[in-house]
Amino acid sequence: MGRPQRNHFKARCPECLAAIWVKDDVELWDPVTCPECHTALEVVRLRPLTLDYMEAEEWDDEDDWDDEDWR
Ligand SMILES: [Zn+2]
């Protein structure tokens, strides 16, 4: 049949440099987990497909847990 094969984009893990295949319907900022090192990544660019470490934006709220007077 003349059915077009579903494309996958090939990207590279910045952590272990493994090749990662991502579905062609992936969108910018989609989360991707490296199948090799399980690093949390995200799509930072589509052409060429580029993955980068996922940014932890609300990572510095440790102070909230310092409060021991809550009860
Ligand atoms: Zn990796």
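The values are calculated or read from the model by the stated rules, or taken from the named source; none is laboratory data. In this text, all values refer to a predicted model and were calculated from it rather than measured experimentally. Neighbour counts run over all protein chains shown; Cβ positions are idealised from the backbone, glycine included.
Out of all the residues in segment 63-71, is one or more at pLDDT 90 or above and of a type outside the set (Phe, Trp, Tyr)?
no
Name every residue in segment 7-20 that is away from the ligand (no atom under 13 Å from the Cβ) and either assigned to a strand (DSSP E or B) or closer than 12 Å to residue 38 by Cα (or both), in order of residue number.
If the condition is that a residue be away from the ligand (no atom under 13 Å from the Cβ) and either assigned to a strand (DSSP E or B) or closer than 12 Å to residue 38 by Cα (or both), then 8, 9, 10 are the ones that fit.
List the residue pairs whose Cβ atoms are under 8 Å apart, where the first residue sits in segment 33-51 and is among the charged types (D, E, K, R), the second is in a loop (DSSP other than H, G, I, E, B) and more than 10 Å from the ligand (Cβ to nearest atom), and the two are 6 or more positions apart or on different chains.
Going by the 8 Å Cβ cut-off, the qualifying pairs are 42/29; 42/30; 42/54; 42/55; 45/28.
List the pairs whose first member sits in segment 10-31 and is farther than 11 Å from residue 43 by Cα, whose second member is in a loop (DSSP other than H, G, I, E, B) and more than 9 Å from the ligand (Cβ to nearest atom), and whose Cβ atoms are under 6 Å apart, counting only residues at least 6 apart or on separate chains?
24/7
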